Amino acid sequence: MTADQMEYAALCKGVRVPHSPFLTETRIARIREERYEGDEIAGALTVVRRGDRVLELGAGLGIVGAVTARNAAPEAVLSFEANPELIPHIRELHRMNGLEDTVELRNQVLVSAMERPDTVTFHLHNSFLGSSLAENTSRKTRPVDVPTAEYRAVLEDFRPTVLIMDIEGGELDFLKHADLSGIRAVVVEFHPKVYGKEGMQACKRILRNAGFEKLDGPSTRLVWTCARADRGASPPDPLGGWSHGLRTITGAIVQAPRRREKYTPSGVMEQDGTDVPDAAVWHGKRRTHEPFAAPASVAEEIPGTWLWGGTLWSYFAHFIVESSGRLWALDHLETPPDGILFIPRRDSQDTDLSQFQIAFFQALGIDLPIRVVTDSARVENLVVPGQGFGLGEISAGTPAFRDFIHNRFGSDVEPEGSDKLYISRSRLGPNRGKLLGEEQIEEALASQGYEIFHPQLHDMRTQISRYKAARKVVAAEGSALHLFAFVGRADQKVALIPRRRSGATTHIITHLEGFTGAAPTVLKVLRDVWQPVSTKRKRLAVGEPDLQLLQAELARAGFIDEGPAWPPLEPDAIRAFLGDGFEATGETLLPG
């Protein structure tokens with residue numbers, strides 16, 4: 001150990017922690033391993049940005065505030081600590097790390113209530129962790145009087161943007177009276193041993209009602225990191241923001257679409273008529289549920305607590321991707337909801353669940369009632385989670401949504417089937433988009449040991465079992481890959497054959513990478529794309545692959561062995577297959 005190292009007891013994220021009588025060997029080890037107050041530190045480093053002004057209540061040993069000041073570069077940190085015996089040791093920590101100009105320390109108790117005494121009694125315990133404003137008759141303590149400070153004055157003078165709070169049970173009373181309007185992020189440790197489970201729920205409810213949304217990444221049951229999100233003002237972000245939030249709206253008004261258009265006034269509003277933008281489903285960079293006028297009267301009253309599911313799509317691909325994005329909240333609610341509430345995609349939609357929808361919910365272990373509002377409704381309590389999955393960048397999924405899927409989807413289904421699988425579109429029928437020559441591709445891959453799999457001919461459990469069993473998967477681009485991504489693994493090799501140039505392909509690739517942890521091999525082998533003359537809808541396009549190039553690319557990527565050359569598609573055969581209803585676009589997708 002160097003002389004420099006002997007000056008301090010431990011190093012935590014670049015912060016030197018000086019020796020003090022409060023450091024046991026166990027505590028020193030935890031500090032060195034970055035486990036001491038690890039959840040608070042992780043939360044602080046998640047939300048504090050350069051230039052922030054951080055208000056810390058309950059400095060403790062001073063480590064959380066110092067690590068935040070050193071690593072997150074806030075403009076200033078104002079720390080309050082009630083225990084007078086800790087103050088000189090915290091000041092030494094600040095001196096040792098050159099933080100005196102960044103961190104101001106006060107030996108006071110910050111009071112948010114209107115009536116503030118000049119002093120309050122603080123109960124000192126032999127272990128500083130047991131010291132608290134709350135008297136514990138089961139422990140021997142020494143009372144000391146500590147001066148107080150007025151929260152409103154601090155709010156006006158210091159102008160905090162982030163609040164970090166670990167005050168051994170005092171957080172409930174503080175939050176009851178605190179004005180949090182100028183604060184954009186909070187890190188708080190709860191202490192249910194002081195005020196019970198009900199008190200912890202009350203703290204969380206206060207934060208939610210103030211507009212804060214829990215960030216699932218750094219948060220735990222007892223330490224919450226939460227932030228004000230833009231609440232649906234921008235597309236959902238897999239890395240943070242409103243897509244990670246969860247809040248309950250009392251007396252929510254739910255409105256179903258009144259028109260067939262994709263973007264239509266519908267969704268959720270609060271009982272006072274305020275729009276709830278974070279309840280809207282985003283399709284790429286556009287919000288599909290637009291603000292709506294409050295109905296003169298609602299068509300139905302729905303008692304109880306319901307989870308907002310968003311739009312219930314009847315089309316398989318959109319249902320898998322866009323109707324599932326809020327279900328992650330089921331693993332984050334202390335009490336299960338009475339059911340899941342959806343609105344239809346359009347006003348004329350059949351709202352009875354189809355077999356694949358029922359099977360999808362069953363694969364997630366969801367046996368709650370599914371209810372569809374077809375007109376308007378007032379819901380006693382509506383739990384609104386952020387959109388954790390969908391189309392766009394959010395196709396990668398939020399961590400909470402990915403965990404939900406990985407832990408639940410098809411968890412009771414065993415792998416069964418070939419270790420080589422080709423997922424085909426050749427039997428989907430008319431008006432579904434195709435690859436020309438797919439039957440030839442199937443024949444060639446079958447000769448290489450691939451099982452030719454038509455997912456629409458099998459139930460969902462069989463699809464899941466096949467996708468789990470395969471080690472090599474080749475697939476014509478399509479919605480089946482979204483289902484595969486839910487159960488896919490990084491050790492599986494996936495090759496995707498695009499049949500068009502489309503953002504939908506990008507969504508599938510993002511989904512696969514985000515959920516399996518591995519990028520698929522994208523086979524750029526299209527030498528033309530044929531479009532129906534009657535529509536410009538790209539999903540109905542037919543791709544014309546260069547079969548010899550496809551063979552070479554599959555061999556190069558290790559999906560097939562070398563073999564006889566695959567015969568090319570002949571122009572006369574293409575025209576005979578397509579008839580007069582298609583025209584060549586001249587669009588290609590080739591290597592380079």
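Please state which one of 265, 291 is farther than 16 Å from residue 309 by Cβ, touching a strand residue (DSSP E or B) at 6+ places or on another chain (Cβ under 9 Å) and open to solvent by 60 Å² or more (accessible area, probe 1.4 Å).
Values: 265 fails: open to solvent by 60 Å² or more (accessible area, probe 1.4 Å).
When all the criteria are applied, what remains is 291.
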Practice task
Being open to solvent by 50 Å² or more (accessible area, probe 1.4 Å) and not in a helix (DSSP H, G or I) is the filter here, so list the residues in region 542-573 that pass it.
Solution key: 561, 562, 564, 565, 567, 568, 570
Completion exercise
Filtering region 441-464 down to residues that are surrounded by fewer than 18 Cβ atoms within 10 Å (Cβ to Cβ) and not charged (D, E, K, R) yields 446, 447, 448, 449, 454, 456, 457, 458, 462
Exercise for the section: Confirm whether residue 203 is open to solvent by less than 50 Å² (accessible area, probe 1.4 Å), of a type outside the set (Gly, Ala, Ser), modelled with pLDDT of 90 or more and within 17 Å of the chain's Cα centre (by Cα). Expected result: no
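Among the residues of region 81-108 satisfying the criterion of being open to solvent by 20 Å² or more (accessible area, probe 1.4 Å) and in a strand (DSSP E or B), which is farthest from residue 51 (Cα to Cα)? Quick ask: steps written out before the conclusion?
Here is the first cut: in region 81-108, the ones open to solvent by 20 Å² or more (accessible area, probe 1.4 Å) are 84-85, 88-89, 91-92, 95-98, 100-102, 104, 106-108.
From the residues that got through so far, the ones that are in a strand (DSSP E or B) too are 104, 106.
On the way: 104: 16, 106: 21 Å.
Among those residues, the one meeting the criterion is 106.
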Completion exercise
Taking region 279-288 and keeping only residues that are surrounded by 14 or more Cβ atoms within 10 Å (Cβ to Cβ) and part of a loop (DSSP other than H, G, I, E, B), one is left with 280, 281, 284, 288
Practice task
Answer yes if at least one residue in region 246-257 is touching a helix residue (DSSP H, G or I) at 6+ places or on another chain (Cβ under 6 Å), within 17 Å of residue 382 (Cα to Cα) and open to solvent by less than 30 Å² (accessible area, probe 1.4 Å), and no otherwise.
Solution key: yes
Problem - Leading residue by the ranking (modelled with the highest pLDDT) among those in region 109-143 that are open to solvent by 40 Å² or more (accessible area, probe 1.4 Å) and outside any loop (DSSP other than H, G, I, E, B) - result: 119
Practice task
For region 294-325, name all the residues that are assigned to a loop (DSSP other than H, G, I, E, B), more than 16 Å from residue 345 (Cα to Cα) and in contact with a strand residue (DSSP E or B) (Cβ under 6 Å, 6 or more places away or on another chain).
Solution key: 295, 298, 299
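Yes/no per residue for (1) under 30 Å from residue 576 (Cβ atoms); (2) touching a strand residue (DSSP E or B) at 6+ places or on another chain (Cβ under 8 Å); (3) surrounded by fewer than 17 Cβ atoms within 10 Å (Cβ to Cβ):
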{"site": "434", "(1), (2), (3)": "yes, yes, no"}
{"site": "466", "(1), (2), (3)": "no, yes, no"}
{"site": "474", "(1), (2), (3)": "yes, yes, no"}
{"site": "520", "(1), (2), (3)": "no, yes, no"}
{"site": "536", "(1), (2), (3)": "yes, no, yes"}
Practice task
For residue 378, work out the one condition from (1) over 20 Å from residue 277 (Cα atoms); (2) open to solvent by 10 Å² or more (accessible area, probe 1.4 Å); (3) outside any loop (DSSP other than H, G, I, E, B) it doesn't fulfil.
Solution key: (1)
Handout entry: Search result, residues across region 521-544 that are touching a Pro at 6+ places or on another chain (Cβ under 9 Å), under 24 Å from residue 510 (Cβ atoms) and not basic (Lys, Arg)
Key = 522, 523, 525, 526, 540, 541, 543
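Give the residue, chosen from 495, 490, that is open to solvent by 30 Å² or more (accessible area, probe 1.4 Å), aliphatic (A, V, I, L, M) and within 28 Å of the chain's Cα centre (by Cα).
That would be 490, the only listed residue that is open to solvent by 30 Å² or more (accessible area, probe 1.4 Å), aliphatic (A, V, I, L, M) and within 28 Å of the chain's Cα centre (by Cα).
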Practice task
For residues that are of a type in the set (D, E, K, R) and part of a strand (DSSP E or B), scanning just region 41-66, find the one that is nearest to residue 228 (Cα to Cα).
Solution key: 53
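Right, residue 16: assigned to a helix (DSSP H, G or I) and either of a type in the set (D, E, K, R) or in contact (Cβ under 8 Å) with a residue 60 or more places away in the chain (or both) or not? Spell out the reasoning first.
Numbers: assigned to a helix (DSSP H, G or I): no; either of a type in the set (D, E, K, R) or in contact (Cβ under 8 Å) with a residue 60 or more places away in the chain (or both): yes.
Answer is no for this residue.
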Completion exercise
Scanning region 574-592 for residues that are assigned to a loop (DSSP other than H, G, I, E, B) and small (Gly, Ala, Ser), the one modelled with the lowest pLDDT turns out to be 592
Exercise for the section: For residue 160, work out the one condition from (1) touching a residue at least 60 places away in the same chain (Cβ under 8 Å); (2) assigned to a helix (DSSP H, G or I) it doesn't fulfil. Expected result: (2)
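Scan region 467-488 and give yes if some residue there is hydroxyl-bearing (Ser, Thr, Tyr) and free of Cβ contacts under 8 Å to residues at least 60 places away in the same chain, otherwise no.
First, pick out the residues of region 467-488 that are hydroxyl-bearing (Ser, Thr, Tyr): 467, 479.
Pick out the ones that are also free of Cβ contacts under 8 Å to residues at least 60 places away in the same chain and you get 467.
Scanning region 467-488 turns up at least one residue that is hydroxyl-bearing (Ser, Thr, Tyr) and free of Cβ contacts under 8 Å to residues at least 60 places away in the same chain.
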Completion exercise
Taking region 401-430 and keeping only residues that are of a type in the set (Lys, Arg), open to solvent by less than 60 Å² (accessible area, probe 1.4 Å) and part of a loop (DSSP other than H, G, I, E, B), one is left with 425
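Mind telling me which of the residues 233, 210 ends up being surrounded by fewer than 23 Cβ atoms within 10 Å (Cβ to Cβ), within 22 Å of residue 342 (Cα to Cα) and among the small types (Gly, Ala, Ser)? Give the steps one after another, and end with the answer.
Numbers: 210 fails: within 22 Å of residue 342 (Cα to Cα).
Testing whether each residue is surrounded by fewer than 23 Cβ atoms within 10 Å (Cβ to Cβ), within 22 Å of residue 342 (Cα to Cα) and among the small types (Gly, Ala, Ser) leaves just 233.
The rows are residues; the columns are (1) modelled with pLDDT under 95; (2) more than 35 Å from the chain's Cα centre (by Cα); (3) loosely packed, with under 15 Cβ neighbours inside 10 Å.
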{"site": "24", "(1), (2), (3)": "yes, yes, yes"}
{"site": "66", "(1), (2), (3)": "no, no, no"}
{"site": "69", "(1), (2), (3)": "no, no, no"}
{"site": "72", "(1), (2), (3)": "yes, no, no"}
Handout entry: Residue that is farthest from residue 390 (Cα to Cα), among those in region 498-514 that are open to solvent by 10 Å² or more (accessible area, probe 1.4 Å) and hydrophobic (A, V, I, L, M, F, W, C)
Key = 509
Practice task
Six or more apart or on different chains, Cβ under 9 Å: which pairs go from a residue in region 325-354 that's among the acidic types (Asp, Glu) and open to solvent by 60 Å² or more (accessible area, probe 1.4 Å) to one that's part of a loop (DSSP other than H, G, I, E, B) and modelled with pLDDT under 90? Could you list them?
Solution key: 347/258; 347/259; 347/260
Practice task
For region 261-297, name all the residues that are modelled with pLDDT under 85 and either in contact with a Pro (Cβ under 7 Å, 6 or more places away or on another chain) or of a type in the set (Asp, Glu) (or both).
Solution key: 261
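Do we find that residue 409 is without any contact (Cβ under 8 Å) to a residue 12 or more places away in the chain and either touching a strand residue (DSSP E or B) at 6+ places or on another chain (Cβ under 7 Å) or among the aromatic types (Phe, Trp, Tyr) (or both) in this structure? Before the answer, list the steps.
Numbers: without any contact (Cβ under 8 Å) to a residue 12 or more places away in the chain: no; either touching a strand residue (DSSP E or B) at 6+ places or on another chain (Cβ under 7 Å) or among the aromatic types (Phe, Trp, Tyr) (or both): yes.
Taking the combined requirement at face value, the residue does not satisfy it.
The values are calculated or read from the model by the stated rules, or taken from the named source; none is laboratory data. These numbers come from a predicted model, not from an experiment. Positions of Cβ are backbone-derived with ideal geometry, glycine not excepted, and every protein chain shown enters the neighbour counts. Ligands, DNA and RNA are stripped out before the accessible areas are found, and what is left, the full protein with its side chains, is counted by its heavy atoms. Shrake-Rupley method; radii C 1.70, N 1.55, O 1.52, S 1.80 Å.
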